[in-house]
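Notes for the one structure printed next.
The values are calculated or read from the model by the stated rules, or taken from the named source; none is laboratory data. Please read all numbers here as calculations on a predicted model, not as lab measurements. Methodologically, a virtual Cβ is constructed for each residue, glycine included, from the backbone with ideal geometry; neighbour enumeration extends over all protein chains shown. Each accessible area value is taken on the protein alone, full model and side chains, heavy atoms only, with ligands, DNA and RNA left out. Shrake-Rupley method; radii C 1.70, N 1.55, O 1.52, S 1.80 Å.
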Amino acid sequence: MQFQQLQYFVAVAETRHFTRAAELVHVAQPSLSQQIKALERELGADLFLRARGNITLTDAGEALLPLARRILADADTARHEVQELVQLRRGRVRLGATPSLCTGLLPDVLRAFHDRYPGIRLLIEEGGSHDLVRELARGALDLALVVLPLPTPSPALTTVELLREDLVVVSSPEARAPGRDGRVVDIADLEGERLVMFRHGYDLRELTVAACRSAGFEPDFAVEGGEMDAVLGFVRAGLGLAVVPRMVATRAGHGLRVTPLARPGLHRTIALAHRSDVAPPRAARELQRMLLER
């Protein structure tokens with residue numbers, strides 16, 4: 001099995017078209033087809049069902065695809081690791097984070113990292129913890145900031161707890177202060193309040209909804225489906241309340257009233273995750289160190 005054959009196989013699997021796959025990998029279509037057939041002979045199984053205008057994966061092809069992607073990703077990581085050994089003067093770090101962490105935690109850390117290593121490109125992917133875990137597992141990210149516990153615990157990942165953050169209630173200063181005394185809010189006080197809610201798959205959505213249900217009621221949504229910036233904007237406009245991390249509320253500042261939750265409150269645990277079977281590239285390890293020492 002040759003590395004090049006796996007590249008050709010993944011290209012065909014993703015385009016479902018031999019000619020377009022050949023253009024993607026810059027090779028003549030007959031050469032690509034010959035390499036795919038050679039790979040099939042070596043594996044002893046057809047990888048594609050070929051019909052006019054319709055290319056689909058066989059069961060064997062479906063089984064090979066995630067493994068081939070991981071092999072290609074690992075090879076790509078190896079190339080970058082060697083390049084980055086030159087005193088961290090160039091390279092890249094692929095970091096995943098939830099949108100709230102991109103708003104609250106990362107700006108200051110990434111600025112410090114960029115000041116120290118200006119030649120390192122920072123590639124940031126926003127997503128929920130579930131999506132980031134999947135991207136880590138397939139080799140598309142070097143590191144990810146995720147919320148614990150993970151939605152699907154994975155023995156293939158190593159996680160290191162980074163911080164435990166309080167959640168607070170934000171509202172428009174022009175609206176009535178939430179809670180009974182305006183100084184703290186019980187989860188039960190949110191019953192009957194109109195909430196601005198994040199989209200499905202957002203860790204904060206799941207945490208807030210679970211807390212409301214534990215208090216014996218279903219939350220009432222005024223608006224739902226937004227990302228962090230949209231949610232904060234809707235709250236500023238007076239559409240409702242939102243439960244957000246304290247770090248985000250502090251950073252967002254202007255146009256928001258911030259009210260803490262009464263004890264025991266709500267908290268979330270942030271962890272730094274990477275694949276257990278592959279060491280992060282050197283530049284990623286340096287960013288990891290800076291995050292842990294922040």
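For region 63-137, build the convex hull from the C-alpha positions and give me its volume per residue in Å³.
Once divided by residue count, the hull of region 63-137 is 79 Å³.
At 222 nm, what value in deg cm²/dmol follows for the chain if DSSP H runs of at least 4 each add -39500 (n - 2.57) and the sum is divided by all its residues, to the nearest 500?
Value at 222 nm, helices only, nearest 500: -13500 deg cm²/dmol.
Just for the Cα atoms in region 130-224, what are the lengths along the principal axes, largest first, rounded to whole Å?
48, 25, 23
Compare 237, 60, 252 in a GNM of the chain, Cα atoms joined below 10 Å, and give the one with the largest fluctuation.
Taking springs between Cα atoms under 10 Å, the residue moving most is 60.
For region 146-294, what number results from the quotient of the Cα radius of gyration and 2.2 N^0.38 Å?
The value comes to 1.16.
Based on Cα positions only, what radius of gyration and what Dmax would you give for region 1-100, in angstroms?
16.4, 52
So with the 1.4 Å probe, I'd like the accessible area per residue for the chain, rounded to whole Å².
On a per-residue basis, 50 Å².
Students often check this: by mean Cβ neighbours within 10 Å, which of 129-135, 27-33 ranks highest, and how do the rest follow?
Ranking the peptides 129-135, 27-33 by packing returns 129-135, 27-33.
Among 269, 249, 259, whose Cα lies farthest out toward the positive end of the dipole of region 241-294, if unit charges sit on the beta carbon of Lys, Arg (+1) and Asp, Glu (-1)?
259
Run the quick spin-label model on residue 292 and residue 194: label points 7 Å from Cα toward the beta carbon, then report their separation in nm to one decimal.
Reported label-point gap for residue 292 and residue 194 is 4.7 nm.
With +1 assigned to the C-beta of every Lys and Arg and -1 to the C-beta of every Asp and Glu, and no other charges, what is the dipole magnitude of region 233-285 about the Cα centre in debye, to the nearest 20?
With Lys and Arg at +1 and Asp and Glu at -1, about 140 debye.
Over the chain, what is the relative contact order in percent, taking alpha-carbon pairs closer than 8 angstrom and at least six residues apart?
21
Going highest first, how would you order 283-291, 157-165 by mean Cβ packing within 10 Å?
Result, highest mean Cβ count within 10 Å first: 283-291, 157-165.
Could you size up the charge dipole of the chain around its Cα centre, putting +1 on the beta carbon of Lys and Arg and -1 on that of Asp and Glu, and report it in debye to the nearest 20?
680
Mind checking which of 156, 210, 38 has the largest fluctuation in a GNM of the chain, springs on alpha carbons under 10 Å?
Among 156, 210, 38, the largest mean-square fluctuation in the Gaussian network model of the chain belongs to 38.
Percent of Cα-Cα pairs more than 25 Å apart in region 68-194, please.
Above the 25 Å cut-off, region 68-194 has 45 percent of its Cα pairs.
Under a GNM of the chain (C-alpha, springs under 10 Å), which listed residue has the highest mean-square fluctuation: 259, 269, 58?
58
Rounding to the nearest 20 debye, state how big the charge dipole of region 180-294 is about its Cα centre with +1 on each Lys and Arg Cβ and -1 on each Asp and Glu Cβ.
540
For every other residue with a beta carbon closer than 13 angstrom to the beta carbon of residue 176, add +1 if it is Lys or Arg and -1 if Asp or Glu, then tell me the sum.
-1
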